[in-house]
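These notes are about the structure you will find just below.
The values are calculated or read from the model by the stated rules, or taken from the named source; none is laboratory data. Everything numeric here is computed off the predicted structure, so don't read it as measured data. Counting neighbours? That spans all protein chains shown, and the Cβs are built from the backbone with ideal geometry, glycine included. Note: accessible area is taken over every heavy atom of the protein model, side chains too, but ligands, DNA and RNA are not part of it. Shrake-Rupley method; radii C 1.70, N 1.55, O 1.52, S 1.80 Å.
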Amino acid sequence: MKQYIATIFCLFILGSVFSQVTSDRIVAATILNGDTIPYLTLREVTIVSWKPFRTVAEEQAYKRLINNVKRVYPYAKIAAARMKHYDKLAQQASSNREKKRINKMAEDDIKAQFENDIRNMTQSQGALLIKIIDRETGRSSYDIIADTRGRFRAVFWQSFSYFWGVNLKQQYNPFGEDKDVETIINMINSGLL
């Protein structure tokens, strides 16, 4: 009986010694008063609470906003990337004539790829696209048109869009009227939507 207890005791000790899991992962650490304290950088966590709605119409409007942002946001990201690319090319241009040629090439390229999709957007989606482009680029659509195609065209398109209730000079405000849009974009970027 004592042999069985001794054997079980030895197995228990050996089992506990070999049951420790070690990792080959190396982490940064600091030594404080003789103790080694590891520290890790964790991913950023976004906490979003679902918005309570007072009416059914308010909930439907928010769901419509989610769908509109989902439809428009990829175009704004692509537009911002293309704009950075063409801005680099324009900065490297040696003359104003070459800059105009690059800007015209950029306009034709974007029109060829996205004109049909943008024409099929609703008015609210178009207004949202203008705001999100401002968010992605840091410049209003009016300023972009004025810088690339000239002030006259910018004034023309501002007048035309203002007739339809859209302001090209409108800035994106993530802490004011565009707070819901910013929340939706952050949810899309974090994979929640």
Inset, instruction - Examine region 139-152 for a residue that is open to solvent by 90 Å² or more (accessible area, probe 1.4 Å), modelled with pLDDT under 80 and either assigned to a helix (DSSP H, G or I) or not aliphatic (A, V, I, L, M) (or both), and state whether such a residue exists. - result: yes
Legend entry - Condition met for Ile118 (hydrophobic (A, V, I, L, M, F, W, C), open to solvent by 60 Å² or more (accessible area, probe 1.4 Å) and on the phi < 0 side of the Ramachandran plot): yes
Legend entry - Count of region 89-107 residues which are open to solvent by less than 100 Å² (accessible area, probe 1.4 Å) and in a helix (DSSP H, G or I): 10
Inset, instruction - Give the number of residues within region 161-193 that are open to solvent by 100 Å² or more (accessible area, probe 1.4 Å), assigned to a helix (DSSP H, G or I) and among the hydrophobic types (A, V, I, L, M, F, W, C). - result: 1
Inset, instruction - Return the residue satisfying two criteria in turn: it lies in region 73-88 and is more than 14 Å from the chain's Cα centre (by Cα) and open to solvent by 40 Å² or more (accessible area, probe 1.4 Å), and of such residues it is nearest to Met121 (Cα to Cα). - result: Arg82
Legend entry - Number of the condition not met by Lys99 [criteria: (1) under 22 Å from Ile132 (Cα atoms); (2) of a type in the set (Lys, Arg); (3) in contact with a helix residue (DSSP H, G or I) (Cβ under 7 Å, 6 or more places away or on another chain)]: (1)
Inset, instruction - Taking Ile132 as the residue in question, decide whether it is in a helix (DSSP H, G or I), touching a residue at least 60 places away in the same chain (Cβ under 8 Å) and under 18 Å from the mean Cα position of the chain (by Cα). - result: yes
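Can you say whether Lys70 is open to solvent by 80 Å² or more (accessible area, probe 1.4 Å) and in contact (Cβ under 8 Å) with a residue 24 or more places away in the chain, as far as the supplied structure shows?
yes
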Legend entry - Single residue of region 21-59 satisfying the filter (open to solvent by 80 Å² or more (accessible area, probe 1.4 Å), in a loop (DSSP other than H, G, I, E, B) and more than 30 Å from Leu192 (Cα to Cα)) that is modelled with the lowest pLDDT: Val21
Inset, instruction - Could you please let me know if Leu128 is at pLDDT below 80 and open to solvent by less than 80 Å² (accessible area, probe 1.4 Å)? - result: no
